[in-house]
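What follows is a short report on a single structure.
The values are calculated or read from the model by the stated rules, or taken from the named source; none is laboratory data. This one's a predicted model, so the numbers in the text were calculated from it and none came from an experiment. FYI the Cβ positions are ideal-geometry reconstructions off the backbone, even for glycines, and counts take in every protein chain you see. For accessibility, only protein heavy atoms count, side chains too; no ligands or nucleic acids. Shrake-Rupley method; radii C 1.70, N 1.55, O 1.52, S 1.80 Å.
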Amino acid sequence: MSATDFPRPAALRPRPAMLAAPAGFLAELWKDKAAFAGFAFLILVVLVAIFAPVLAPHDPAAQSVLSRLTPPAWTERGSAAHLLGTDMLGRDVFSRLLHGARASLMVGVSVVLLAGSAGVALGLVAGYRGGRTDTVIMRVVDVFVAFPGLLLTLLLVAMIGPSTSTMIVVLAFSNWMIYTRLVRGIVLSMRATPFIEAAEVLGCGPGRILRLHILPNLIPPLLTLAILEFTNILLAEAALSFLGLGVQPPDTSWGLDIANGKNYMLIAWWPITFPGLAIAATVLSVNLFASWLRVTTDPAEREKRHARGRARALRRTSSENG
Amino acid sequence: MTRFPGPIRAQDPAPAPLPLLSVRGLAVDFDGPRSRIWGPPSRVRVLEDISFDLAPGETLGLVGESGSGKSTLGRAVLRRLPLADGRIVFDGRDITHLPLAERRALSRDIQMVFQDPYTSLNPRMTVLELIAEPLIVHGLAPGPEAARDRVAELLRLVNLPPENIDRFPHGFSGGQRQRIGIARALALRPKLIIADEPVSALDVSVRAQVVNLMQDLQQELGISYLFVAHDLSIVRHISHRIAILHRGRMVEMADCDTLYDSPAHPYTSTLLQAVPEPDPRHRRGTPTAPPPAPRMADLVMEGGACRYCRSCPKVADRCHAEAPALARQPGRDRWVACWEA
């Protein structure tokens, strides 16, 4: 077998595309249309979150009792002033949707990052050091898991006082354990694989082994877990905000709007449907993009995907010619 | 080559040339079953009274059935396992008790080639990163790119085309991966390589290539090998001397021809009889039944008896009472641990 028989395609360059030029990254992403759509939607949501005050046609907190529960513009009783209608206090649903993206994304991303990095770090240490360190860390995890999450959250918020940043810290505080358990389990089994022993025999220290040999091989399960957690956090944020312990009015979030709108669900579908759709679309986009990312960071999977793409292209040209 | 293997005893002449590695009375314990649920684990002696010398540029083959402790011996020499007893001197330096940092530094001189080339290479590192890693870890290169020329040179040394330098290991065959593993071990120019069944996971057709490569490298670079294997024909091909392990004890050690042509220990003969003979006209007689595999409980309970006495065809009363030590046969370069030999 020789590597030189085949022309080396761009996708087989040694480093994952994220570290190469962004142009290469986009070119590779473009080949997977679903992932590209997901990525584009995520960029859109981020831009909307940043520029919400400029884009929103109304003040998201401005109430107008006279025009409450106006249906979306394209329905019979709709008004052109309110594209997606108004909620039970007469607030513009579209403007709230744009502003809500800010809190939802902020909370979701920062909780996953905060809880994820703390949980992963502890899991790495517990799994790699083993022995007493492992026992202590895992017993702490057990205590946290056994403690009712909502009660812990309520306690902490009551102590610190409700605000968006409090909610981020509190949600991270009650959600880091799952990362620790997952990572510790994988590290334990990975410690026994020969390539870790090989690294130790070569003289690598624990820091290098964790950083270069264990962490990169944890990417696929961690990506999957982080996405699932992201969805959970959006919903947890909604629950907390609904209880008045999270995002504080006049600020808003998608979760808060759903929570508020659900009492009127039977007479007005729009205040709850649009933020719900926004959450669903965001989570779907994250999923599509993350599954592409998972393949991209795995050298073997990446080459297989590239080969499949080439085979498809060849079939297409041959059927066109014939 | 003059060799003085085996335990040093009062009547031995002083070893003439300095051996690269000399092991004396090495013993390793593992945790065994507990007698009570909360009680301390019992200790199982998995290696006992192992002594040998290894000269520079020499290959010592370690042979034994599974569970005989041959891989454990390799890891004990690498100082990856705590020793229960004994002494290891490497290159004139006592490495029996080494702090962790010095043990890491020792990896410049003692390297290892692993059994399974499919799991011993990190799938997310390129060939360049894999082979450059030892150089980086030991401060010989700041990063993979700086080591590119060295790595290309190492790839040529193990007969792999250097164009493959930026590829990932999953694109290579087993034999090619094992060459990458060997290049990795060679990067630091070690004096001793512990090869833990380096070809047993490979296809039969490429075994010879890898073994020949290892021999060529030995001649070129003067490396010593501790070659662990259970394939007797390959061991004979590569080794200068062979040591037979049985249940954690060395039962016989001699140069290849002596050992294969006239085995002295009854276990060695049984082992050799188990090798299939490719020529049907050439019969060696029916092999005796293979000895039953050791159970951990047996190892715990065994006291002073010879560990082979239950399966030994030549067993005598003395074998049940006292275990024979590895001793040099008078006038020969052969070491046997048997009362009857």
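When A:Val136, A:Val125, A:Val107 are checked against the criterion of being over 24 Å from A:Val46 (Cβ atoms), crowded, with 18+ Cβ neighbours inside 10 Å and away from chain B (no Cβ under 14 Å), a single residue qualifies: A:Val125. For segment A:231-242, which positions are buried (at least 21 other Cβ atoms within 10 Å of the Cβ) and either at pLDDT 90 or above or under 14 Å from A:Thr282 (Cα atoms) (or both)? Once the filter is applied, which keeps residues that are buried (at least 21 other Cβ atoms within 10 Å of the Cβ) and either at pLDDT 90 or above or under 14 Å from A:Thr282 (Cα atoms) (or both), segment A:231-242 yields A:Ile233, A:Leu234.
Can you say whether B:Glu153 is out of contact with any Asp or Glu (no Cβ under 9 Å at 6 or more places or on another chain) and open to solvent by less than 10 Å² (accessible area, probe 1.4 Å), as far as the supplied structure shows?
no
Taken together, A:Leu113, A:Leu83, A:Leu66 contain a single residue that is farther than 30 Å from A:Ala226 by Cβ, part of a helix (DSSP H, G or I) and open to solvent by 20 Å² or more (accessible area, probe 1.4 Å), which is A:Leu66. As a summary of the residue check, B:Leu100 satisfies the conditions (1) within 14 Å of chain A (Cβ to nearest Cβ); (2) in contact (Cβ under 8 Å) with a residue 12 or more places away in the chain; (3) farther than 27 Å from B:Leu217 by Cα except for the one numbered (2).
Listed here are the residues, each with its yes/no results for (1) in contact with a helix residue (DSSP H, G or I) (Cβ under 8 Å, 6 or more places away or on another chain); (2) among the small types (Gly, Ala, Ser).
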{"site": "A:Ile219", "(1), (2)": "yes, no"}
{"site": "A:Leu223", "(1), (2)": "yes, no"}
{"site": "A:Leu228", "(1), (2)": "no, no"}
{"site": "A:Ile233", "(1), (2)": "yes, no"}
{"site": "A:Ala238", "(1), (2)": "yes, yes"}
{"site": "A:Val247", "(1), (2)": "yes, no"}
{"site": "A:Leu266", "(1), (2)": "no, no"}
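In segment A:299-313, is there at least one residue being more than 14 Å from every other protein chain (Cβ to nearest Cβ), under 22 Å from the mean Cα position of the chain (by Cα) and either aromatic (Phe, Trp, Tyr) or closer than 30 Å to A:Ser189 by Cβ (or both)?
Step one: filter segment A:299-313 for residues more than 14 Å from every other protein chain (Cβ to nearest Cβ), giving A:308-313.
Checking the rest, the ones that are also under 22 Å from the mean Cα position of the chain (by Cα) come to none.
No, the conditions are met nowhere in segment A:299-313.
When B:Ala243, B:Ala195, B:Ala264, B:Ala254 are checked against the criterion of being surrounded by 17 or more Cβ atoms within 10 Å (Cβ to Cβ), closer than 22 Å to A:Phe195 by Cβ and among the small types (Gly, Ala, Ser), B:Ala195 stands alone in meeting it. Out of everything in segment A:243-268 that is among the β-branched types (Val, Ile, Thr) and at pLDDT 85 or above, what residue ends up being farthest from the chain's Cα centre (by Cα)? Here the residue is A:Ile267.
Pairing each residue of segment A:294-322 that is farther than 22 Å from A:Asn217 by Cβ with any residue that is open to solvent by 40 Å² or more (accessible area, probe 1.4 Å), provided the two are 6+ apart or on different chains, yields C-beta distances under 8 Å for A:Gly309/A:Lys31. For segment B:194-222, the set of residues classified as within 13 Å of B:Pro117 (Cβ to Cβ) and in a strand (DSSP E or B) consists of B:Ala195, B:Asp196, listed by residue number.
Please tell me if B:Gly248 is in contact with a helix residue (DSSP H, G or I) (Cβ under 9 Å, 6 or more places away or on another chain) and modelled with pLDDT under 85. Considered against the rule, which asks whether it is in contact with a helix residue (DSSP H, G or I) (Cβ under 9 Å, 6 or more places away or on another chain) and modelled with pLDDT under 85, B:Gly248 comes out as no.
Could you tell me whether segment A:232-254 includes any residue that is out of contact with any Leu (no Cβ under 9 Å at 6 or more places or on another chain) and without any contact (Cβ under 8 Å) to a residue 12 or more places away in the chain? Within segment A:232-254 (the criterion being out of contact with any Leu (no Cβ under 9 Å at 6 or more places or on another chain) and without any contact (Cβ under 8 Å) to a residue 12 or more places away in the chain), the answer is no, since none of the residues qualifies. Looking for something modelled with pLDDT of 85 or more, of a type in the set (Phe, Trp, Tyr), open to solvent by 60 Å² or more (accessible area, probe 1.4 Å) and not in a helix (DSSP H, G or I) - is there at least one such residue anywhere in segment A:269-281? Within segment A:269-281, one or more residues are modelled with pLDDT of 85 or more, of a type in the set (Phe, Trp, Tyr), open to solvent by 60 Å² or more (accessible area, probe 1.4 Å) and not in a helix (DSSP H, G or I). Condition test on B:Leu83, is it of a type in the set (A, V, I, L, M) and open to solvent by less than 70 Å² (accessible area, probe 1.4 Å)? So B:Leu83 fits the description; yes. For segment B:123-140, the set of residues classified as open to solvent by less than 10 Å² (accessible area, probe 1.4 Å) and either more than 12 Å from chain A (Cβ to nearest Cβ) or touching an Asp or Glu at 6+ places or on another chain (Cβ under 8 Å) (or both) consists of B:Thr126, B:Val127, B:Leu128, listed by residue number. Among the candidates B:Ile165, B:Ile95, which residue alone is closer than 29 Å to A:Lys304 by Cβ and without any contact (Cβ under 8 Å) to a residue 40 or more places away in the chain? B:Ile165 is the lone residue from the list that is closer than 29 Å to A:Lys304 by Cβ and without any contact (Cβ under 8 Å) to a residue 40 or more places away in the chain.
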